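Visitor: Have a look at this one.
The values are calculated or read from the model by the stated rules, or taken from the named source; none is laboratory data. Since we're looking at a predicted model, the values are computed, not measured. Every residue, glycine among them, receives a Cβ derived from its backbone with ideal geometry; neighbour counts consider all protein chains shown.
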Amino acid sequence: MLHTAQTPSDWVCRWTHLIPDQRPGGPRTLDLACGHGRHTRWLVRQGCHVTALDRDAEALITLADLAPQVRTVCADIESGPWPLAGQRFDAVVVTHYLWRPLWPQILDSLAPEGVLIYETFAHGNASVGKPARPDFLLQPGELLQVCKNLRIVAYEDGFLTAPERYIQRICAVRPSGKEIDPPPRYPLRAAG
């Protein structure tokens, strides 16, 4: 089944409402390692303009019907240069992808008040399936450490069923650097 037929992650759906909508034409978002674009399609339905980045050109072709709201970028970000240098996004969405050397570029891609919505496999997943290599599994608390300079809105680290998997996920906001009184409100929404 293609990713285009899959529903978006509950985590992504739960926190999309935090993406700031202050740009004319809607917020700019980055769907990193987007595959066939299940989250790209969700973000477009929420009014976002999406940069969909993946190394699989055939997968990116499945997003052609979403132009001009979607710009596709085909790049191997693990062995080539970061193709979005200097670009900032109101949100960065990453699911089921981990390449630790990219953390600086991912975090630098967040505009002030930009939202990071990240979810991937965690330590323990080898006991129930793939991925099983430690290189592709977050260690306990790793997302908290990586995002220590962001405002953590939500964080989970645990086990999910159907399918069984160990997951770590975070929703965090890059501070604007300005003192605001009262402080920004990040409304929490219940899961499901």
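Visitor: How about region 54-65: which of its residues are buried (at least 21 other Cβ atoms within 10 Å of the Cβ) and either in contact with a helix residue (DSSP H, G or I) (Cβ under 9 Å, 6 or more places away or on another chain) or touching a residue at least 60 places away in the same chain (Cβ under 8 Å) (or both)?
Guide: Listed by number, the residues that qualify are Asp54, Leu63.
Visitor: So which of Pro163, Pro182, Pro187, Pro112 ends up being in contact with a Gly (Cβ under 8 Å, 6 or more places away or on another chain), at negative phi and not in a strand (DSSP E or B)?
Guide: It is Pro163.
Visitor: While we're looking at this one, here's another question. Looking for whichever is more than 15 Å from Ser9 (Cβ to Cβ), free of Cβ contacts under 8 Å to residues at least 12 places away in the same chain and not basic (Lys, Arg) here; the options are Gln139, Gln145. Which one fits?
Guide: Checking each option against the conditions leaves just Gln145.
Visitor: Select, from Leu98, Leu43, Leu143, the only residue that is of a type in the set (A, V, I, L, M, F, W, C), under 13 Å from the mean Cα position of the chain (by Cα), under 21 Å from Glu164 (Cβ atoms) and assigned to a helix (DSSP H, G or I).
Guide: Unique residue meeting the criteria: Leu143.
Visitor: Let me ask something else about it. For region 1-28, enumerate the residues that are more than 21 Å from Ser109 (Cα to Cα), assigned to a loop (DSSP other than H, G, I, E, B) and either in contact with a His (Cβ under 7 Å, 6 or more places away or on another chain) or at pLDDT 95 or above (or both).
Guide: Leu2, Pro8, Ser9, listed by residue number.
Visitor: Continuing with the same structure: Considering only residues that are in a helix (DSSP H, G or I) and touching a strand residue (DSSP E or B) at 6+ places or on another chain (Cβ under 7 Å), look in region 46-69 and name the one that is nearest to Arg88 (Cα to Cα).
Guide: Leu60
Visitor: For Pro83, are the conditions met, namely being more than 27 Å from Leu160 (Cα to Cα), surrounded by fewer than 14 Cβ atoms within 10 Å (Cβ to Cβ) and at pLDDT 95 or above?
Guide: no
Visitor: Against the definition (closer than 14 Å to Tyr166 by Cα and either of a type in the set (Val, Ile, Thr) or not in a loop (DSSP other than H, G, I, E, B) (or both)), how does Ala126 come out, yes or no?
Guide: For Ala126, the condition - closer than 14 Å to Tyr166 by Cα and either of a type in the set (Val, Ile, Thr) or not in a loop (DSSP other than H, G, I, E, B) (or both) - is met.
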